[in-house]
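What follows is a short report on a single structure.
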């Protein structure tokens, strides 16, 4: 998986390409943790994300919980396969997805 970060004054956008799984989830977790300190609004662009595992879902849940108190997180451009996983697990109900 590749991770690309774009920051501006009030928002950080993280573009993901590839597979978010047990091997790549720690890298995303660290990227999100580093980004939360510099921005209150986090956007995860899933246009290039092909797959998400339970490890990836755990990272999303952790980020959502951390940002509830001081900011926001949203997912954009989620592909059909990843959206199906989010819907089946109930994550589509607790995450902001555009």
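Readers should treat all values here as calculations from the given coordinates under stated rules, not as data from a laboratory. Remember, predicted model here, so these are calculated numbers, not experimental data. Here the Cβ positions follow ideal geometry from the backbone for every residue, glycine too, while neighbour counts run over all protein chains shown.
Assorted remarks:
- Selection within region 1-23 - in contact with a strand residue (DSSP E or B) (Cβ under 7 Å, 6 or more places away or on another chain) and closer than 21 Å to residue 85 by Cα: 1, 2, 3, 14, 15, 16, 17, 18, 19, 20, 21
- Of the residues 48, 56, the single one that is under 15 Å from residue 1 (Cα atoms) and either part of a strand (DSSP E or B) or out of contact with any helix residue (DSSP H, G or I) (no Cβ under 8 Å at 6 or more places or on another chain) (or both) is 48.
- The single condition among (1) without any contact (Cβ under 8 Å) to a residue 12 or more places away in the chain; (2) part of a helix (DSSP H, G or I) that residue 9 does not satisfy is (2).
- Some residue of region 14-32 being part of a helix (DSSP H, G or I) and free of Cβ contacts under 8 Å to residues at least 24 places away in the same chain: yes
- Failed criterion for residue 22 (all others in (1) exposed (fewer than 14 other Cβ atoms within 10 Å of the Cβ); (2) out of contact with any helix residue (DSSP H, G or I) (no Cβ under 7 Å at 6 or more places or on another chain) hold): (2)
- Considering residues of region 63-98 that are assigned to a loop (DSSP other than H, G, I, E, B) and touching a strand residue (DSSP E or B) at 6+ places or on another chain (Cβ under 7 Å) only, the residue surrounded by the most Cβ atoms within 10 Å (Cβ to Cβ): 78
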